[in-house]
Amino acid sequence: MQKTQSLPDVLHSIPADLPIPMDDGACQHLENMLLPDISLSSTDDKRINLSKLAGWNVIFCYPMTGRPGFSIPKGWAQILGAAGCTPQVCSYRDSHAEFKRNRVGVYGLSSQTPEAQKEAAIRLELPYPLLSDSIYSFSSAMELPILEVDGLRLIKRLTLIIKDGVVRKCFYPVFPPDTNADEVIVWLSALTLYAG
């Protein structure tokens, strides 16, 4: 019996030779933008309209989480901004208590199906919801940058900090992915409005 090749570096950690993405200007229009009035499926079996959320919220967008036993696009670790989704998702999981203590909501968003996201949320024991934009309603309305690989249309990695439905800060590109939650906490901590 032939053993399938496992890819622990791609699924669970940041590859040492991960290429560093550069800012191509694709997100310059996002700061101070109103979020669109669109509801998305979430892994907690609700529809969430990000434009209606009160207070501070973090929406981190990522291409796709890997799934054990399922193949990923060839050369995934060499595609700018592609690899590192699972470590990023887990970094928000590990920092979730800090966000919750300061009344900041956390949402992960990708174009993966609700079913794929539900599997990841359960397997990775996520304390926050993942949102599915599988029909690209949110990403199209916001004109988010898209990565196309192997016939897949994936949202490029970026993080939005919103307050009362308005984008206050956009992190793009996000690198390395597994330190993004810490970077967001530092930015929020510098604001006098963070806790209020």
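Yes/no per residue for (1) charged (D, E, K, R); (2) open to solvent by 10 Å² or more (accessible area, probe 1.4 Å):
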{"position": "Gly75", "(1), (2)": "no, yes"}
{"position": "Gln78", "(1), (2)": "no, yes"}
{"position": "Ala82", "(1), (2)": "no, no"}
{"position": "Gln88", "(1), (2)": "no, no"}
{"position": "Ala97", "(1), (2)": "no, yes"}
{"position": "Lys100", "(1), (2)": "yes, yes"}
{"position": "Thr113", "(1), (2)": "no, yes"}
{"position": "Lys118", "(1), (2)": "yes, yes"}
{"position": "Leu130", "(1), (2)": "no, no"}
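Of all positions in segment 156-166, none carries a residue that is part of a helix (DSSP H, G or I) and of a type in the set (Asp, Glu). Residues considered: Arg103, Arg123. Of these, the only one that is within 17 Å of Leu160 (Cα to Cα) and either in contact with a strand residue (DSSP E or B) (Cβ under 7 Å, 6 or more places away or on another chain) or not β-branched (Val, Ile, Thr) (or both) is Arg103.
Look through segment 180-196, keep the residues that are hydroxyl-bearing (Ser, Thr, Tyr) and either at pLDDT 95 or above or assigned to a loop (DSSP other than H, G, I, E, B) (or both), and return whichever of them is nearest to the chain's Cα centre (by Cα). Among residues in segment 180-196 that are hydroxyl-bearing (Ser, Thr, Tyr) and either at pLDDT 95 or above or assigned to a loop (DSSP other than H, G, I, E, B) (or both), the one nearest to the chain's Cα centre (by Cα) is Tyr194.
Take segment 74-103 and flag every residue that is over 20 Å from Ser132 (Cα atoms) and not in a helix (DSSP H, G or I). If the condition is that a residue be over 20 Å from Ser132 (Cα atoms) and not in a helix (DSSP H, G or I), then Lys74, Gly75, Ile79, Leu80, Ser95, Asn102, Arg103 are the ones that fit. Looking at this structure, is Leu144 closer than 18 Å to Leu53 by Cα and touching a residue at least 12 places away in the same chain (Cβ under 8 Å)? No, not satisfied.
The values are calculated or read from the model by the stated rules, or taken from the named source; none is laboratory data. Keep in mind that this is a model prediction, so the values were computed, not measured. As a convention, Cβ positions derive from the backbone with ideal geometry for all residues, glycine included, and neighbour counts pool all protein chains shown. Ligands, DNA and RNA are stripped out before the accessible areas are found, and what is left, the full protein with its side chains, is counted by its heavy atoms. Shrake-Rupley method; radii C 1.70, N 1.55, O 1.52, S 1.80 Å.
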